[in-house]
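Asker: Encoded as structure tokens, here's the structure I'll be asking about.
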Amino acid sequence: MIEGHGGELALAALRAHGVTEMFTLSGGHVFPLYAAAHESGFGLYDVRHEQSAVFAAEAVAKLQRRPGLAVLTAGPGVTNGISGLTSAHFNGSPVLVLAGRAPGFRWGAGSLQELDHVPLVAPVTRYAATVTATASIPGEIAAALTVARTPHRGPVFLDLPLEVIFSTAQAAPPGEPAVPVLEADPDEVARAAKLLATAARPVIVAGSDVWAGDAVAELRAAAETLRAPVFTNGMGRGALPPGHPLAFSRARKAALSAADVVAVIGTPLDFRLGFGEFGDAAVVHVVDAPSQRAAHVEPAVSPAGDLRRILAAFAGYTGARASHEDWLAGLRSAEDAGRARDAEDMTAASDPVRPARVYGELRRILEPEAVTIGDGGDFVSYAGRYLEPARPGTWLDPGPFGCLGTGMGYAMGARVTFPDRQICVLLGDGAAGFSLMDVESLVRQNLPVVIVVGNNGVWGLEKHPMRAMYGYDVAADLQPGLRYDAVVRALGGAGETVDRASGIAPALRRAFDAGVPYLVNVLTDPADAYPRSANLA
């Protein structure tokens, strides 16, 4: 048996699941968790807004493929974190939020921050409950984390009433975590492999769950066996390195419009993929759990189970097959043409600065294992086009929920995970308004990152479409030329504003050499908006 106060019992269970740090904003309801962390050397990082704590925990969960932990105080602490929880829900990230709760023995009397959190968070978590006894804390945490780690992964929530977390008890020690493995129907797996092998024009689209399920090597082997072109999104980016002969990015429109079989692996058939409407192509949807099968599309086959095993079976396919070499050669021509156009954009010397030029300079300075974080709309849309991660598990964006404000939290989680890598946050000037105050948290805790703001003074993804629809726009302008770098300097970091294309590269070099949070504020052309082709309806 183990004995201790609620915070000590919680940390024992957390350590058993590989958790080594918590992200939080100070609150009296959760003091025992802080005391246990402080007294045992458990990592403790604090922020200026609770959403950043949850986003930091999600970054750890994404990058390390194990649970991330956010600790929130009761009431507004929890409600401030719900956007982070919802993003983790849409991204399938195994995040645990431990929250304080007003005392149960006085419930209904009007205690400070008295609120029943569970009904609020239940729709965006895989498990949400209140712990009612101190001795139950380790078992409740272990059960919640097992759910969080079981595909399809996702966030979980536990709140602990004041008298529960502050009391002392004996409890059974946490056991080894055991995450069940779901076996896909072998007949469905075989049918899916055969469809890809015998197609005239197959396409594979691989997403974040390929990374989360540790199936990157199996994806590569499957693509090489089946000789199928691979496109990626989310944390699937980099699963095949940019130089791989089956890795494509610029020819996606040509591929998806002409394919006769499209296999979407580890990512939903949502607006990013035209809702799975690929003309006359047969759709193969490979998912890590039956709950992830698309309900709005009738796929030809949809294997559901452990992605490593499914893709390993694809790689072992030995049946009939068609030649795909002419198809691959045609896509490679389209890819090369697209890259040539991009090269012109990324070297544009025009002033005001074109956003593509920023990414042309970043491509030259980012190291292969750099972690790149996108937090924004218009400016970050360019990042998705022009930046190509060289390694899997190095790209963080908000995902299909599209929540702004992830930037500084993701940066904190990335820097805690990788003390020696380049960490680069790409911010739209609109997104900067959500989390830039948490630069102070990075400065104070010695967590240096580079922040690049694409500053066009407008909400680009809204201003231009609204003007096209109505002939005017409203609520779409920001203060032009705002000195976000001065904000960062005031918070203890460093930075500069760049208003000429020739100044971008020197500024980036200074930023990556600075050793403190450093913001490069690039004034970009407000008329140069990224073409938004995604169907949102």
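Asker: For the range 442-537, with equal point scatterers placed on the C-alpha atoms only and solvent neglected, what are the log10 I(q)/I(0) values from the Debye formula at q = 0.13, 0.14, 0.18, 0.26 1/Å, to two decimals?
Answerer: -0.56, -0.62, -0.85, -1.24
Asker: Follow-up question, since we're still on this one. Kirkwood hydrodynamic radius for the range 199-268: how many Å is it when counted over pairs of different Cα atoms?
Answerer: Details: mean 1/r = 0.0845 Å⁻¹.
Evaluated over the range 199-268, this radius sits at 11.8 Å.
Asker: Continuing with this model, one more query. Taking square-rooted eigenvalues a ≥ b ≥ c of the alpha carbon gyration tensor, is the range 73-192 rounded, prolate or oblate, where a/c under 1.5 means rounded and, failing that, a/b exceeding b/c means prolate? Show your work: numbers first, answer last.
Answerer: On the way: a/c = 3.51, a/b = 1.69, b/c = 2.08.
The shape class here is oblate.
Asker: Taking every pair of alpha-carbon atoms in the range 404-476, give the share separated by more than 21 Å as a whole percent.
Answerer: Looking at the range 404-476, the distances longer than 21 Å represent 38 percent of pairs.
Asker: Same structure again: For the range 214-317, would you read off the P(r) tail past 18 Å as a percentage of all alpha carbon pairs?
Answerer: Details: 2466 of 5356 pairs.
Percent of Cα pairs beyond 18 Å in the range 214-317: 46.
Asker: Residue separation times 0.36 nm, minus the C-alpha to C-alpha distance between K253 and L182: what's the value? Don't skip to the end; give the middle numbers.
Answerer: On the way: separation 71, 0.36 × 71 = 25.56 nm, distance 3.35 nm.
Stretched out fully, the K253 to L182 stretch lengthens by 22.2 nm.
Asker: Of the accessible area of the chain, with the probe set at 1.4 angstrom, what percent is carbon plus sulfur? Present the calculation step by step, with values, prior to reporting the outcome.
Answerer: Working: 10900 of 20520 Å².
Result for the chain: 53 percent of the exposed heavy-atom area is carbon or sulfur.
Asker: Moving on to the next point. What longest range of the chain stays clear of loop-exposed chymotrypsin sites (Phe, Trp or Tyr not before Pro) (DSSP non-H/G/I/E/B, at most 16 other C-beta within 10 angstrom)? Intermediate results must be reported in sequence, preceding the final value.
Answerer: Numbers: sites that count: W107, F401, Y472.
Counting only loop sites that pass the neighbour cut-off, the longest clear stretch is 108-400.
Asker: Where both partners of a DSSP beta bridge lie in the range 389-537, what percent of those bridges are antiparallel, to the nearest 5? Walk me through the intermediate numbers first.
Answerer: Details: 1 of 17 bridges.
Counting DSSP beta bridges with both partners in the range 389-537, the antiparallel share is about 5 percent.
Asker: While we're looking at this one, here's another question. Eigenvalues of the Cα gyration tensor times 5, then square-rooted: what semi-axes does that give for the range 264-365, in whole angstrom, largest first?
Answerer: Working: eigenvalues 253, 76, 44 Å².
Semi-axes from the Cα gyration tensor: 36, 20, 15 Å.
Asker: Could you tell me whether the range 1-154 comes out rounded, prolate or oblate from its Cα gyration tensor? Rule is a ≥ b ≥ c as square roots of the eigenvalues, rounded for a/c under 1.5, then prolate if a/b exceeds b/c, otherwise oblate. Let's see the in-between values first.
Answerer: Numbers: a/c = 1.35, a/b = 1.11, b/c = 1.21.
Rounded, because the longest to shortest axis ratio a/c is under 1.5.
Asker: For the range 4-86, rounded, prolate or oblate, judged on the Cα gyration tensor with a ≥ b ≥ c (square roots of eigenvalues), a/c < 1.5 rounded, else prolate if a/b > b/c? Provide the component values of the computation, followed by the final result.
Answerer: On the way: a/c = 1.92, a/b = 1.15, b/c = 1.68.
It is oblate, given that a/c is not under 1.5 and a/b is not larger than b/c.
Asker: Solvent-accessible area of H464, probe 1.4 Å, all protein chains present, reported in Å² to the nearest ten, please.
Answerer: Accessible surface of H464 is approximately 60 Å².
Asker: If you take every residue apart from R500 with its C-beta less than 13 Å away from the C-beta of R500, what net charge results, scoring Lys and Arg +1 and Asp and Glu -1?
Answerer: Working: positive: R354, R357; negative: D351, E361, E496, D499, D525.
Around R500, the charge tally is -3.
Asker: Related question: Expressed as cubic angstrom per residue, what is the convex hull volume of the alpha carbon set of the range 90-141?
Answerer: Details: hull volume 4.6 nm³, N = 52.
Considering the Cα atoms of the range 90-141, their hull volume per residue is 89 Å³.
Asker: Something else: Could you please report the charge total around H38, scoring K, R as +1 and D, E as -1 over all other residues with beta-carbon less than 13 angstrom from its beta-carbon?
Answerer: Its environment carries a net charge of -4.
Asker: Still on this structure, I have one more. Based on alpha-carbon centroids, what's the gap between the range 262-301 and the range 105-164 in Å, whole number please?
Answerer: When both Cα centres are located, 33 Å separates them.
Asker: Out of all DSSP beta bridges in the chain, what portion is antiparallel? Express it as a percent rounded to 5. Walk me through the numbers before you get to the answer.
Answerer: Details: 5 of 66 bridges.
Around 10 percent of the beta bridges assigned by DSSP in the chain are antiparallel ones.
Asker: Using the alpha carbon gyration tensor of the range 55-95, what are the three equivalent-ellipsoid semi-axes (square root of 5 times each eigenvalue), largest first, in whole Å?
Answerer: Working: eigenvalues 69, 23, 7 Å².
Largest first, the range 55-95 gives 19, 11, 6 Å.
Asker: Counting Lys and Arg as +1 and Asp and Glu as -1, what is the net charge of the other residues whose Cβ lies under 13 Å from the Cβ of L72? It would help to have the intermediate numbers written out before the result.
Answerer: Numbers: positive: R101; negative: D46, E50, D159.
Computed value for this residue: -2.
Asker: May I ask for log10 I(q)/I(0) of the range 298-344 at q = 0.22, 0.26 Å⁻¹, from a Debye sum over the Cα atoms as equal point scatterers with solvent left out?
Answerer: -0.87, -0.93
Asker: Next up: Contact order normalised by length for the chain, with contacts defined as Cα pairs under 8 Å and 6 or more residues apart; what percent is it? List each step's numbers first, then the result.
Answerer: Values: 1242 pairs, mean separation 72.9, N = 537.
Computed value for the chain: 14 percent relative contact order.
The values are calculated or read from the model by the stated rules, or taken from the named source; none is laboratory data. None of these values were measured; they are calculated from a predicted model. Reconstructed Cβ throughout: ideal geometry from the backbone, glycine too, with neighbour counts over all protein chains shown. We work out accessible area using only protein heavy atoms, side chains counted, and drop any ligands, DNA or RNA first. Shrake-Rupley method; radii C 1.70, N 1.55, O 1.52, S 1.80 Å.
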